[in-house]
1. Around C:Leu288, what is the net charge, scoring Lys/Arg as +1 and Asp/Glu as -1 over all other residues with Cβ under 13 Å from its Cβ?
2. Would you work out which of C:Ala93, C:Leu17, C:Asn73 lies farthest towards the positive end of the dipole of the range C:1-108, given +1 charges on the beta-carbon of Lys and Arg and -1 on that of Asp and Glu, about the Cα centre?
3. Can you flag which of A:Lys26/B:Lys24; C:Lys197/C:Lys281; A:Lys26/A:Lys85; A:Lys26/A:Lys86; C:Lys143/C:Lys310 are past 20 Å Cα-Cα?
4. Given a 10 angstrom Cα cut-off, can you work out which residue in C:Pro314, C:Pro170, C:Pro217 is the most mobile in a GNM of chain C?
5. Within 15 Å, Cβ to Cβ, of C:Ala82, how many net charges do the neighbouring residues add up to if Lys/Arg are +1 and Asp/Glu are -1?
6. Would you mind listing how long chain A runs along its three principal axes, going by Cα atoms, in whole Å with the largest first?
7. What is the Cα coordinate range of the range C:186-317 on the first, second and third principal axes, sorted by size from largest, in whole angstrom?
8. Can you pull out the trypsin sites (Lys or Arg not before Pro) in the range A:37-100 whose DSSP state is coil and whose Cβ has at most 11 other Cβ atoms within 10 Å?
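FYI, it's all coordinate maths here, none of it is from the lab. Here the structure is a predicted model, which means the values were calculated and not measured. Using ideal geometry, Cβ is built from the backbone for each residue, glycine included, and neighbour counts are taken over all protein chains shown.
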Amino acid sequence: MIELSHYLVVSGILFSIGVVGVLRRKNLLMLFFATEIMLNAANIAFAAVSSYYGDLSGQMFAFFIIAVAASEVAVGLGLLIVLYKKQGTLDLDDLAVMKG
Amino acid sequence: MESIIFFILAFFLLSGAIMIVFSKESLYSAIGFLMVMIAMAGMFALLHHSFLFLAQILVGVGAVVVLSIMIILSINLKEENQPKQNITRKNILFTTLIIAPIAGLLLYAIAKAPFAFAPIAQHFGTIETMGKVLFTHWVLPFEIVSILLLGAMVGAIVLSRRRLHVES
Amino acid sequence: MDALIIETVVKAIVVLLVISALAGFGTYLERKVLAFMQRRLGPMHVGPFGLLQILADGIKLFTKEDIVPQHANRLIFMVAPAITAATAFIALAAIPLFPEFTIFGYTIRPIIADLNVGILFVLGAMASGLYGPLLAGMAQANKWGIIGSARTAILFLSYEVVTGLSILAPIMIVGSLSLIDFNNAQAGGVSDWMVWKQPVAFVLFLIAGFAETNRTPFDLLEHEAEVISGYATEYSGMRWGMFFIGEYANMITVAFLASLVFFGGFNPIGFIPGFLAIILKVSFFFFLMLWVRASWPHVRPDQLMWLCWKVLMPIAILNILITGIVLL
């Protein structure tokens, strides 16, 4: 039988993979994907806890997270395109133009 | 039955995430992202949260991943254009340091209790109940999120228009 | 529990087989109807009235060599057609196809998954169908494919908005997202049909449905005069056939949605029993799609976007506003 802990474990592993992705990848788009994974991991935990307590607040949080993730993608990908047009690369190391 | 579905979904979720992090080709990463999104929707459906399921399908699968794949298409991200990724020892150590507390928390959570789900009430998580709660108890965050979305929309439009000004 | 699983599996297999066969038959009908509208005969050589043409086409598709281009991304190239076909059939799963009937003393509800959010699920699943063309176009190393997939993303993302908004007004009137509730709300004969209350929403839904099923006034994804065959340029054999089956299954889905939401669903009309009524309605919408294909030219991509964002979406929002004010 599936219990709350199963969902929490999946959520935790997913979040860890997201953290690894953020630390490991140097491509901006992949960073986006990794942050999205982390947001989704939080979503699973919220939804599962909401079911566990029979409280709708968890689902509300998950819903707001989905909305915020969508707006993040809209603006972030727009910025990414502008950046690519200007610099011709998405490598994070090449973008360190402020370095003295 | 439920546990079989859960494990299949969890498999897709985690393998999709691993595909994002470790695949060299960006298109495979996007496919992994798609798998994560769809498996997430499946998880919500398994928890009987039909509203979240729909939101995930319509927003996550229907829009977010499409936009990312569009980006890959339009800037032609190929394997050879990808930055080199060196796995240094410092990197690994740092990652472990960050993940260790999460893993500890997880172990604590598993060791804690059986955590069986209570039987789900009839209308829990349906669109009707969600709508009622959303427009009474959560109306202020809802409005703030709508303003955020509006701002994001205007921002995206401004960003994409700016290119035209530069050219002209 | 076990009986439910077996029943669902049987229903799914039946729907899969019947709709696939109908997709084949649909191509025959399409060619015949187009031919008669253009004063030709259409397929005549194989069998009586060319009826066995379907079989010949099937044999040809199945035995054709399966070519994967050299620089294509093999895995995605091979998976993409399956996505199109699969999403089309997943969308069909939440549609109540016929009224309940009893066979061998066993009552069957001809719906694979009775979701309480059926209508949005169907729209969402159909919208996810864009991954087929999108990934197919990107996986083949071909510039027409790239253009085709870019057009796919733009068209689906834009018209998804219009379908969602147009169907919101009927949802507000009925107060439910279940397609069975939609059907039951229009049980009182022809005068009860939703199309009389929501004519604007119906027209919007039909136009957006044409766009989402990639039918002719909007079939820019594979417009052969501009982009060879768009996303399907490099495909051959059964992989191409799967795109085709997906497209026809989507047409049938849209026809079912239109008749369930706006035209009284499977309620009997006078002396016509329910299951015949819905077959007639679906056939009419199918015919309408062919009719439009025969009579309208393609639009340009910029006209397509203009139509969506500057004409259809404002009208849809106005329609929702007015419906809301009237309902209050």
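1. It works out to a net charge of +2.
2. Projecting each Cα onto the dipole axis, the largest value belongs to C:Asn73.
3. As for pairs spanning more than 20 Å Cα to Cα, those are C:Lys143/C:Lys310.
4. C:Pro314
5. Charge balance near C:Ala82 sits at 0.
6. Extents along the principal axes: 53, 24, 23 Å.
7. Projected onto the principal axes, the Cα atoms of the range C:186-317 cover 50, 38, 23 Å.
8. A:Lys99
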